[in-house]
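Each value in this text was obtained by applying a stated rule to the coordinates, not by laboratory testing. In this text, all values refer to a predicted model and were calculated from it rather than measured experimentally. Quick reminder, even Gly has a Cβ in these numbers, built from the backbone with ideal geometry, and neighbours come from all protein chains shown.
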Amino acid sequence: MGPEAVDGNTLRDRIPFGLTRDEHATNHNSTRGRGVTRMSTTQSDRLRGLVEPLVHAKDLDLEEIEVSRAGRRGLLRIVVDSDEGVELDLCAELSRAISEKLDETDAMGEGEYVLEVSSPGADRPLTQHRHYLRATGRLVKLQLTEGDELVARILAVDEDGLDLEVPGVKGRKPTARRVEFSEVVKARVEIEFSRKDKKEEEA
């Protein structure tokens with residue numbers, strides 16, 4: 001039985017930096033037996049090997065692969081991104097391509113599973129250099145090696161670190177600060193509900 005595709009936008013924001021969420025989910029019905037409960041390292045590497053070429057063919061980056069449970073079914077969640085974001089139609093095309101590729105293999109084991117292809121959340125963690133570049137102009141929360149937390153706006157990104165603008169408090173002017181990547185333990189984009197997207201501001 002072929003996959004049944006369901007497309008939809010929701011209020012939960014999975015597109016980076018406050019744009020509209022684009023998500024495509026495919027309910028994949030299989031007659032192979034029991035589902036997948038946990039993804040082993042071998043399965044993860046195999047899935048990445050199958051999926052990554054299809055993602056790159058759409059000029060996208062593969063950010064995450066996760067296998068979990070969705071009731072009686074397995075759930076394969078694939079997160080993709082690009083500098084321009086990810087449109088719904090592109091998610092749908094990629095989901096169909098991935099579903100067809102998985103039908104040719106036993107990489108998901110036996111049983112029914114749901115395939116969900118989506119873009120990252122607005123409050124995504126920043127773990128790669130490209131993530132910081134895409135977050136330029138956004139407010140981020142940084143956990144630093146010295147134990148402090150810093151909330152600041154990214155002004156510029158280079159190979160070594162970040163040029164930041166720290167918001168002023170109690171009416172004070174913002175201040176500039178430089179943080180090297182070696183000082184950052186964790187980083188995450190902060191959601192700003194009152195701030196328009198850069199593309200909207202430039203329109």
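At 0.36 nm per residue, and after removing the present C-alpha to C-alpha distance, how many nm does the segment from residue 133 to residue 69 gain when stretched out fully?
19.7 nm
Give me the net charge of residue 176's neighbourhood, meaning all other residues with Cβ under 12 Å from the Cβ of residue 176; Lys, Arg count +1, Asp, Glu -1.
Working: positive: 153, 173, 177, 178; negative: 163, 165.
Neighbourhood net charge equals +2.
Given the Cα atoms of segment 102-203, and with Rh set as the inverse mean 1/r over their pairs in the Kirkwood sense, what is Rg to Rh to two decimals?
Reported Rg/Rh, Kirkwood definition of Rh: 1.14.
Quick one: which residues, 5+ away or cross-chain, put their amide H under 5 Å from the amide H of residue 114? H built at 1.01 Å from N.
28, 74, 75, 76
Using amide H atoms built 1.01 Å from N in the peptide plane, name the residues 5+ places from residue 80, or on other chains, whose amide H lies under 5 Å from its own.
Those qualifying (amide H under 5 Å, at least 5 residues apart or on another chain) are 63, 118, 119.
Can you list, bin by bin at 5 Å, the percent of alpha carbon pairs in segment 84-158, starting at 0?
Calculated P(r), rounded to whole percents: 3, 12, 17, 16, 13, 11, 10, 9, 8, 3.
Please list 128-135, 68-75 highest first by mean number of surrounding beta-carbon atoms within 10 Å per residue.
128-135, 68-75
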